[in-house]
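Colleague: I'd like to ask you about the structure that follows.
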Amino acid sequence: MRRMNPLTYSLCQKPVLGLVMFATSMCAFPPLFQDAALPLQQAGAHLVEEFEAPVGKSYLLELKFRFPSAASLAADEVVGSRYDKACPRNGEDIPAPQGSGLGRSIPVHVEVREQRSGALVIDKTFHSLCVTSFGGHDAYTKTRTVGRLDLPAGSYRIDVRNLESQAGLDGVKTTVLLVAGHGK
């Protein structure tokens, strides 16, 4: 897969040319990092990753949950079974009837610093709620969005910290990935 750069990204945003490039997979934007382990069963667990943002844009920080079996996936009450327009509210209360199936709010602290200067770019606690995708390469996975990180092009170091122990994830492998988003 070709590495994304500012020129390619700019061309991908054009109406006709961008559609052709998207259809030929020239606009594929690989994750900035993926499969970084973050055991949500442990309060205080954290990961540190260095990455390069090739273009300035809004990136999505996501949690991926890999369940050991179809039965454990079906029994899950932590990640949730559906999405709702109220999910991105980041910690605001959602009425009980509307909250059914959304899973449990998972607070995650995110700190992003520039690699060279160490300057703090983002220091925020997100409250992840709702499943955003199912399956993929592994049929027993669910994904949740933690939050959007608006970053200019550059080199960064991210520290992602789990703030509360999450019961009900026995045998579930949880990882973090940073992606450019989905679609054109």
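Colleague: Go through segment 42-54 residue by residue and turn each phi into a ³J(HN,Hα) via Karplus (6.51, -1.76, 1.60, θ = phi - 60°); whole Hz please, and just put x for glycine and proline.
Modeller: Rounded to whole hertz, the list is 10, 5, x, 4, 8, 9, 10, 9, 9, 8, 10, 8, x.
Colleague: Read phi for every residue in segment 115-120 and hand back ³J(HN,Hα) as whole Hz from Karplus 6.51 cos²θ - 1.76 cosθ + 1.60, θ = phi - 60°, with x for Gly and Pro.
Modeller: Values per residue, Gly and Pro as x: 5, 5, 8, x, 5, 6 Hz.
Colleague: For a Förster distance of 22 Å, can you work out the FRET efficiency between the beta-carbons of Gln41 and Asp84, rounded to the nearest 0.05?
Modeller: Here the calculated transfer efficiency is 0.30.
Colleague: Now, a different point. Which value in nm describes the separation of the simple spin-label points at Ser133 and Glu49, placed 7 Å from the Cα toward the beta carbon?
Modeller: My value for the distance between the label points is 1.3 nm.
Colleague: Hey, another quick one. Take Ala167 and Ala71, extend 7 Å from each Cα along the Cα→Cβ direction, and tell me the distance between the two endpoints in nm.
Modeller: Taking the simple label geometry, Ala167 and Ala71 are separated by 2.1 nm.
Colleague: Under the Kirkwood approximation for Rh and a Cα-based Rg, what ratio Rg/Rh is obtained for segment 31-179? Don't jump to the answer; show the numbers that get you there.
Modeller: Values: Rg = 15.2 Å, Rh = 15.7 Å.
Ratio of gyration radius to Kirkwood radius for segment 31-179: 0.97.
Colleague: In the neighborhood of Gly103, defined by Cβ-to-Cβ distances under 10 Å, what is the net charge if each Lys or Arg adds +1 and each Asp or Glu adds -1?
Modeller: Working: positive: Arg82, Arg104, Lys142, Arg144; negative: Asp76, Glu77.
Overall, the nearby charge balance is +2.
Colleague: Give or take rounding to whole Å, what are the principal axis extents of the alpha carbon atoms in segment 109-165, in descending order?
Modeller: 41, 26, 16
Colleague: I would also like to ask the following. Could the peptides 111-122, 147-158 be put in order, highest first, of the mean number of other beta-carbon atoms found within 10 Å of their residues? Walk me through the numbers on the way to the answer.
Modeller: Values: 111-122: 13.4, 147-158: 16.3.
Ranked from most to least packed, the peptides come out as 147-158, 111-122.
Colleague: Straight distance only, please: which aspartates and glutamates reach the Cα of Lys124 with their own Cα at less than 13 Å, same-chain residues fewer than 8 apart left out?
Modeller: Leaving aside aspartates and glutamates fewer than 8 places away in the same chain, those within reach of Lys124 are Glu111, Asp150, Asp159.
Colleague: Another question about this same structure. Fully extended, how many nm does the chain gain between Ser58 and Ala119 (0.36 nm per residue separation, minus their Cα-Cα distance)? Before the final figure, lay out the partial values.
Modeller: Details: separation 61, 0.36 × 61 = 21.96 nm, distance 1.87 nm.
Extra length from Ser58 to Ala119 when fully extended: 20.1 nm.
Each value in this text was obtained by applying a stated rule to the coordinates, not by laboratory testing. Because the structure is a prediction, the values reported are computed rather than measured. As a convention, Cβ positions derive from the backbone with ideal geometry for all residues, glycine included, and neighbour counts pool all protein chains shown.
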